[in-house]
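The values are calculated or read from the model by the stated rules, or taken from the named source; none is laboratory data. Computed from a predicted model, the values in this text were never measured in an experiment. Note: ideal-geometry Cβ built from the backbone for every residue, glycine included; neighbour counts use all protein chains shown. Heavy atoms of the whole protein, side chains included, go into the accessibility calculation; ligands, DNA and RNA do not. Shrake-Rupley method; radii C 1.70, N 1.55, O 1.52, S 1.80 Å.
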Amino acid sequence: MIRKGNMIYADIIIDISHEKLDRTFQYKVPDSLQDALRPGMVVEVPFGSGNHIRKGYVIGFSNETDYEPERIKEIKGLSNDGETTEGRLIGLAAWMKEYCGSTMIQALKTVLPVQEKIKAKEKRLIILTADREAAQTELQMLQKGRTKARARFLEALLNADGVLPYEEAGKIGAAKAVLDYFVQAGYVEIGSEEVVRTGMTSGMEQPLERHELTKEQYAAACAIQEEWSQEQPRPVLIHGVTGSGKTEVYMELIRQVLEQGRQVIVLIPEIALTYQTVRRFHSRFADKVSVLNSRMSPAVRYDQFKLAAQGNIQVMVGPRSALFTPFPDLGLIIIDEEHEASYKSENSPRYHARETAVKRAELEGANVVLGSATPSMEAYSRAKSGEYRLVKLESRFAGRNLPTVEIVDLREELKQGNRSMFSRKLREEMDRCLENQEQVMLFLNRRGYAGFVSCRACGTVMKCPHCDVSLSEHNNGKLICHYCGYTIPKPKSCPECGSPYIGGFKAGTQQIEQAIQRIYPKARVKRMDFDTTRKKGSYEEILSSFAAHEADILIGTQMIVKGHDFPDVTLVGVIAADMSLNADDYRCAERTFQLLTQAVGRSGRGEKCGKALIQTYHPAHYSIQTAAVQDYEAFYQEEMGYRMLMDYPPAARLMAILGAGEDEELLEQGMQYIAGFIHTFNKDASLKMIGPAPASVGKVKDVYRRVLYIKHNNTSVLVSLKNKVEKYIEINPGFRNMRIQFDFS
């Protein structure tokens with residue numbers, strides 16, 4: 001801890017099993033602890049009128065206090081418990097409160113997700129307590145008599161080595177009277193054992209082929225080990241083309257960490273990836289691996305966290321929430337497909353798994369490895385600046401070629417009279433694949449389906465002249481910018497070419513499935529989207545079925561193009577690339593490049609060469625052109641130029657102040673007051689403010705939503721601003737009927 005004044009005060013949460021999570025108390029830090037104390041450490045403090053010594057967790061420090069200094073008690077010392085896993089997670093929560101914008105209770109409920117102990121699941125057992133020879137003698141006597149049910153039960157118990165599940169007694173016809181007889185005779189007793197609820201699915205135990213690391217993969221692993229040997233190792237970003245074998249590198253790194261007796265967290269972005277990913281890890285590390293996902297019951301999640309805390313599992317695989325697995329000696333956090341938007345929480349605290357993982361690793365002395373074929377702009381810019389270590393995998397595993405990619409101009413299709421959702425070239429390639437008994441994936445880019453409007457004749461998109469994002473269509477017939485509020489009526493014809501073919505793209509996965517079945521009635525078709533994956537196990541069922549070649553064509557949204565490896569897929573068709581390209585988000589070009597690169601990367605991952613077709617109304621757009629040739633560096637340079645011009649992340653930092661309330665007029669007034677408050681004290685010319693304006697969806701369940709954007713190149717300036725706004729809101733009662741949240745990008 002860095003000392004900033006004569007007196008330092010620690011903010012402490014008293015033993016969280018007894019007190020409210022969001023109630024903190026200030027204590028003086030004695031001189032003997034000022035250089036040693038850190039957030040998350042466990043201390044002993046006097047508490048209450050009787051000054052009883054209680055355990056507390058340090059969550060932060062201050063040079064100021066709202067009370068008279070002489071009234072503040074002093075920390076007695078460090079607890080004998082020392083630094084605990086729970087304490088380190090509380091330290092992480094304190095960081096999240098400050099840098100992700102939330103209350104302490106919200107942050108604590110995020111990092112300590114299973115608070116209440118859930119009753120253990122037990123399995124009742126019938127246990128033989130008598131001597132085995134005596135039981136054999138008793139069995140012989142019963143078999144000579146007329147008590148067949150007793151004989152049948154005792155024989156089954158002996159054959160089961162003296163332990164029989166309770167429900168098995170009923171299956172062999174042993175009524176309660178039979179059990180009572182043997183209990184009273186002292187032959188058996190009824191016991192139980194705890195059953196651990198698991199999220200693992202069947203089929204995980206089947207071994208998979210293991211591969212030796214290629215020279216390039218081995219070099220990557222060595223470079224990462226070299227970074228880990230440094231005094232202050234940096235996070236590592238593995239930038240590997242699709243199919244380069246990043247997972248093999250991950251498994252080698254995991255092996256090394258497990259040999260040191262430490263644990264590993266592996267984050268994946270989608271539930272859809274869980275089955276294939278976990279199966280690969282389970283094949284390598286067996287029962288050391290477990291899994292979390294959002295569809296698990298609280299009881300299953302509780303059991304998994306309990307196993308992790310006890311050290312009974314060493315590798316946890318799961319989406320964002322798995323980051324808070326309470327491992328006692330965490331050694332490595334891997335974030336696969338680190339560019340994915342699902343790593344950003346949409347609820348307070350609005351943390352990003354990438355930054356939060358780096359902070360947790362810092363608190364626990366662990367390492368972080370990020371991996372992607374299409375890194376986020378933020379991660380790659382940090383790698384370029386040296387904040388992260390960059391490691392590259394530039395060739396596909398086993399020397400396989402990247403797929404050939406062809407861009408199809410849908411404007412030309414329209415001119416030729418083809419108004420269907422499938423171009424003539426895509427039909428031709430699908431015919432070829434089905435004839436050769438190869439598999440096809442059809443990807444509908446549904447991201448950004450919020451209502452952008454474009455011309456189907458020339459491709460012109462209605463954009464905001466002030467914010468360089470598309471205008472969104474609303475039910476009132478108006479086009480609105482969700483960054484600055486700019487509004488125009490929806491045009492009836494294209495302002496560029498005059499065409500009446502203007503509107504949004506209306507097709508969905510179900511319409512595509514129906515069209516495919518009409519064109520190819522003999523083809524076996526699977527559809528994977530929100531509607532077909534609602535049931536438990538539906539992801540695994542669809543993916544395993546397609547992998548087993550029980551379907552010829554797989555149709556789906558983003559969930560089918562992320563990380564899957566199907567060696568028989570030789571054609572990927574992107575139905576409409578423009579749907580993400582024209583979203584009302586400054587990241588739309590980045591998201592489009594990532595989705596297209598990931599999509600075309602699903603093709604040709606086996607022995608046969610692959611092909612991909614990208615259908616678009618904007619064939620010359622840099623995100624589509626660079627995705628077609630898999631040129632990340634060219635895309636990054638082009639996109640970074642626009643980010644610097646507009647002061648968007650990572651060129652600058654962006655803080656969104658999000659307001660919500662049932663009274664639209666009051667909410668609008670409150671957001672204007674916040675904007676005015678910022679104007680009154682802000683003298684920094686480099687701080688820029690946009691809005692307030694309607695949120696992307698301005699009203700949900702009768703709750704109105706507004707947003708105010710603040711840009712600055714210094715994170716600490718925005719954090720300081722957030723703290724001032726929080727105090728302003730706290731002392732003004734008018735804000736009590738609305739909810740204000742903060743979101744950092």
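The residue that is surrounded by the most Cβ atoms within 10 Å (Cβ to Cβ), counting only those in segment 426-443 that are in contact with a strand residue (DSSP E or B) (Cβ under 7 Å, 6 or more places away or on another chain) and under 20 Å from Thr509 (Cα atoms), is Phe443. Checking each residue in segment 267-299 for being modelled with pLDDT of 75 or more and of a type in the set (Val, Ile, Thr) picks out Ile268, Val289, Val291. The single residue among Lys478, Lys562 that is basic (Lys, Arg), modelled with pLDDT under 80 and either within 23 Å of Leu442 (Cα to Cα) or more than 26 Å from the chain's Cα centre (by Cα) (or both) turns out to be Lys562. Among residues of segment 711-723 that are in contact (Cβ under 8 Å) with a residue 24 or more places away in the chain and farther than 11 Å from Tyr99 by Cβ, none has a beta-carbon under 8 Å from a residue that is open to solvent by 40 Å² or more (accessible area, probe 1.4 Å) and β-branched (Val, Ile, Thr) at least six positions away or on a different chain. The condition of being crowded, with 18+ Cβ neighbours inside 10 Å and farther than 25 Å from Phe566 by Cβ holds for only one of Ala379, Ala373, that being Ala379.
So for segment 70-82 (the condition being under 20 Å from Arg360 (Cα atoms), at pLDDT 75 or above, crowded, with 18+ Cβ neighbours inside 10 Å and touching a Phe, Trp or Tyr at 6+ places or on another chain (Cβ under 9 Å)), does at least one residue qualify? There is no residue in segment 70-82 that is under 20 Å from Arg360 (Cα atoms), at pLDDT 75 or above, crowded, with 18+ Cβ neighbours inside 10 Å and touching a Phe, Trp or Tyr at 6+ places or on another chain (Cβ under 9 Å). For the residues Glu346, Glu355, the requirement of being in a helix (DSSP H, G or I) and open to solvent by 40 Å² or more (accessible area, probe 1.4 Å) singles out Glu355.
So in segment 646-681, with the set limited to residues that are in contact with a strand residue (DSSP E or B) (Cβ under 8 Å, 6 or more places away or on another chain) and assigned to a loop (DSSP other than H, G, I, E, B), which one is most open to solvent (accessible area, probe 1.4 Å)? Result: Glu662. Give the residue that is most open to solvent (accessible area, probe 1.4 Å), with candidates limited to residues of segment 157-193 that are within 17 Å of Ala134 (Cβ to Cβ) and part of a helix (DSSP H, G or I). The residue in question is Gln184. Within segment 302-314, at least one residue is of a type in the set (A, V, I, L, M), at pLDDT below 90 and in contact with a Leu (Cβ under 8 Å, 6 or more places away or on another chain). Just so you know, in segment 603-617 the residues that are open to solvent by less than 40 Å² (accessible area, probe 1.4 Å) and part of a loop (DSSP other than H, G, I, E, B) include one that is nearest to Cys588 (Cα to Cα), and it is Tyr617.
Scanning segment 390-412 for residues that are assigned to a strand (DSSP E or B), within 30 Å of Arg234 (Cβ to Cβ) and open to solvent by 50 Å² or more (accessible area, probe 1.4 Å) returns Leu390, Lys392.
All of Phe305, Phe324, Phe285 fail the test of being over 16 Å from the mean Cα position of the chain (by Cα) and either open to solvent by less than 10 Å² (accessible area, probe 1.4 Å) or without any contact (Cβ under 8 Å) to a residue 60 or more places away in the chain (or both), apart from Phe285.
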